[in-house]
Structures are given as structure tokens and as C-alpha cells.
1. Would you confirm whether or not region 6-28 contains a residue that is at negative phi, without any contact (Cβ under 8 Å) to a residue 24 or more places away in the chain, surrounded by fewer than 16 Cβ atoms within 10 Å (Cβ to Cβ) and outside any helix (DSSP H, G or I)?
2. Just checking, does region 30-43 include any residue being under 30 Å from SER365 (Cβ atoms), in contact with a Pro (Cβ under 6 Å, 6 or more places away or on another chain), part of a helix (DSSP H, G or I) and modelled with pLDDT of 95 or more?
3. Residues in region 44-60 that are more than 11 Å from the ligand (Cβ to nearest atom) and buried (at least 24 other Cβ atoms within 10 Å of the Cβ): how many?
4. Report, by residue number, each residue of region 316-348 that is closer than 18 Å to LYS231 by Cβ, of a type outside the set (A, V, I, L, M) and open to solvent by less than 10 Å² (accessible area, probe 1.4 Å).
5. Count, please, the residues in region 255-273 that happen to be surrounded by 15 or more Cβ atoms within 10 Å (Cβ to Cβ) and touching a residue at least 12 places away in the same chain (Cβ under 8 Å).
6. Considering region 347-370 alone, what residues qualify as being within 16 Å of the ligand (Cβ to nearest atom), touching a residue at least 24 places away in the same chain (Cβ under 8 Å) and not aliphatic (A, V, I, L, M)?
7. Find the residue count for region 61-92, including only residues that are closer than 22 Å to ILE203 by Cα and surrounded by fewer than 18 Cβ atoms within 10 Å (Cβ to Cβ).
8. Only one of these is in a loop (DSSP other than H, G, I, E, B) and open to solvent by less than 10 Å² (accessible area, probe 1.4 Å): LEU185, LEU197, LEU177, LEU150. Name it.
Amino acid sequence: MTFNDFNLADPVMEGIEAMGYEKPSPIQEAAIPIILGGHDLIACAQTGTGKTAAFLLPLIHRLLGDHEADDSIQALVIAPTRELAIQIDQQLEGFSYFANTSSIAVYGGGTGAGFDQEKKALQRGAQVIVATPGRLISHLNLGYVDFSNLKYLILDEADRMLDMGFLPDILKILSHLPVKRQTLLFSATMPEGIRRLTDRILIAPKQVNLAVSKPAENVLQAAYLVYDQQKIALIESLIEGKDLPLVLIFASTKAGVKEVESILKRKKFNVSAIHSDLEQEQRSDVMNRFRSRELQILVATDIVSRGIDVDDISLVINYNVPGDAEDYVHRVGRTARAEKSGVALTFINEKEMGKFKRIEAFLGSTIRKLLLPVHIGEGPSIESYERSGNFRKNFIGNSRGKGGQRRNNNR
Ligand code: AMP
């Protein structure tokens, strides 16, 4: 499935492209059509699954189609903490850059000036409000927030909101909202309290359940920050002189696979490659030789990775960072099958840092970066990795100040 399959409006697709997303995550595949279909939704999904985009993308699309004035509040997103509200707001800012969705962030910063800014913004109105419950209640109590045109309510991390004692606040906020609306509830877990809440506030909801898949625990995962021209030398130093019966190297393109194969062949490694230019028969032949250990190293593209079911692969090398977390988990899962342990190493060049960071965010963990062997020289620095992938800084610039200011990007 691709993002094209959702038939989202062009400005939303441009936002997706600018954010660098290539393929919808499983929660996005499941939730986006339901939301576009106008149904209430209960989604069981943790942070890291891509749940934020799962509700923001259809929301921005629907808002483009609704012809309400830009200053009438049409959607409310409630999140338990300031940090989460900030993250949602930042993603909204990125995705809606081309759609011109106006939004207000109401999560406070503790200062009186911040509160006044939020108040002014709320009085002017905007299409989307992203808020924490307590702060929103303070504004609601003062009587200037007009929710009469609201059509969408999103409760994010609902289980956490209940744990933090926000139920009375949420019920109070709900009493200010029109009954006819679409309600989406996201929660990592579904305890009894959440069930009771969903029974009360959702109408005929559809439900999706998605936990993020993670590589098996017995895979040792690590990565190298490495320039392209250092990669072959790194492979040599990883393989030479070690007892590694089966090594699988993934490269992203057919040309890459062929190149790695031919360089390793020239260096007298026992290697062959598998890619879509080969006839089925030739592929089977290579696979059989790999399975029977006649071949030590197999170089492959992602396209064929799903067909590779060979136990006992001791080392998987990602010559390029995989396109997304699903592909990463899939490639890494080629090792450590059948309870055995294995090692999966990913090569990250200077252009792929942001992509790998997103994979780490999906997995909810940071993968250890190893130092290159001294004879290979220095690779890209870890500092450059830490700085990479900052979409807001690189793309949007500072188009909006702190919470409370109304944003309406003019192209
Ligand atoms: P979330 O679960 O919404 O907190 O998202 C976790 C991370 O995954 C965030 O850094 C998102 O930017 C990123 N992400 C979400 N969906 C995708 C996607 N389809 N492709 C690539 N990255 C994504």
C-alpha cells in the first residue's frame, strides 16, 4: 500500500513528501480509511507506530474539503502532556504546510504572557486546536472559546490521560462540544476505564489494534556511520578471518547489489547476488547454493528479501538504510531465526541519517553506533547524526513562535 491509495488531496500528499514519509505504517494503513470514511475510531497503538500521522493526515484532508471559515474551531486534539502536545503540533505544522491549515497550540508555558497569547488566539479562532486538558479548561472557564462548529475530537494517549487523573477534565471539555462530531480515541492499552469512556463518548466506533513489530530479542543490532567509499573496506574487515557461515547483505537498488557483488567477487569472496533481473530459475539456484552453504555471502535487494527464508544466517548487513521501519525489521529478522542469535549491522551514510533516526523512533530505541576500525579512517561524526533529520529547522524554518500564536502559512 502507498499513500496514493488513500486519495488524499494534493496539498496533503505534498506535506507527506516534504516530511519524507515513503510508505504508510500499519496503523496508518488501518486507521486512515476509517477516519476518511467518517467513522468514530478506537485505535490501540503505542508511540512509535506512526499514530500521530494516522489521525493528522485524514484530518487535514477533511478540513480542506469542509468549507467553514478558517477562524471557526473545527477540530480539537487533546494530549496528556505538554511534550506530546508539542510533538503533535510540530507534525501538524509540517503536514499542513501546503494545506494552510490554521492551528492553535494550547499547552501553556507557565507564564502569564503565554496564557494571554493563547487567549487572543482562541478568541480569533483557528481550524485545529492542540491542547492539554488542564490548560484548555482554564480557557473554557473564561467563556470565550467557541466550539459550536467543532466536527472532530481526537483524544491521544487516552490511557495516560486517565492515569494522570484527567477524566473529570475530559468530561468537562466534552460538555462544551457538539454531540454530532467524529471522535477518535488513541490509547496504548485498553483498560476497563478506557472501555467505559469509549462506551460513553464514541458512537458505533470501528476498532484497530496495532502493536509495533520489533526485531527478535536475540538479534544484536548495531550501526556504523560510514561514507559510501568506506563501505567495502568495512565489509572486508567484518567478514575476513571470522567464522561466519552465512552472511546476507542488503542493498537498496539493483545497481547497488550488482556493484557490491562484483567488488566482493574481485576480492575473492565466495559471493553471489539475487535481484529482479535474474530469471526465477537463476534465483532458485543462488538460494539453494546459499542454503546449502556452498555460498557464504548473498547480496540481495529488498524486493527479494521476503522470499529468503534461510535459518542460521549469522550476519545481516544493511549496506544502505532500509526505506522504513517495516523493511528494517524484516531484514533484521533474516538473522536469529529459530531461537539462534545473530548480528544485524546497518551502514548509515551522511544522507541517510534522518531516515535511520525515524526507524529508531518507530522502534522506540536507539541502536548502538559502533566506531569504524582505525584503518578505514573517520566516518561521519556522531554529532552530525544527532543534529540530522530536523525537518522543522531544515524545511519550515521558524514560521511560528511559541504556543498560542495563530499560524496560517501563506504559500
Ligand atoms: P508517532 O507514533 O506518531 O509518535 O511516530 C513515531 C515516529 O515515526 C515519528 O518520528 C514520525 O515522524 C515517524 N513516522 C510516522 N509515520 C511514518 C511513516 N509512514 N514513514 C516514516 N516515518 C514515519
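The values are calculated or read from the model by the stated rules, or taken from the named source; none is laboratory data. This structure is a prediction, so every number in the text was calculated from the model and none was measured. Reconstructed Cβ throughout: ideal geometry from the backbone, glycine too, with neighbour counts over all protein chains shown. With ligands, DNA and RNA removed, areas are computed over all heavy atoms of the protein, side chains included. Shrake-Rupley method; radii C 1.70, N 1.55, O 1.52, S 1.80 Å.
1. Scanning region 6-28, I find no residue that is at negative phi, without any contact (Cβ under 8 Å) to a residue 24 or more places away in the chain, surrounded by fewer than 16 Cβ atoms within 10 Å (Cβ to Cβ) and outside any helix (DSSP H, G or I), so the answer is no.
2. Checked against the condition, which is being under 30 Å from SER365 (Cβ atoms), in contact with a Pro (Cβ under 6 Å, 6 or more places away or on another chain), part of a helix (DSSP H, G or I) and modelled with pLDDT of 95 or more, region 30-43 yields at least one hit.
3. Counting residues in region 44-60 that are more than 11 Å from the ligand (Cβ to nearest atom) and buried (at least 24 other Cβ atoms within 10 Å of the Cβ) gives 3.
4. Passing the criteria: ASN318, PRO322, TYR328, ARG331, THR346, PHE347.
5. Number satisfying all stated conditions: 11.
6. GLU352, GLY354, LYS355, PHE356, LYS357, ARG358, PHE362, GLY364
7. The total comes to 1.
8. Selected residue: LEU150, the only one of LEU185, LEU197, LEU177, LEU150 that is in a loop (DSSP other than H, G, I, E, B) and open to solvent by less than 10 Å² (accessible area, probe 1.4 Å).
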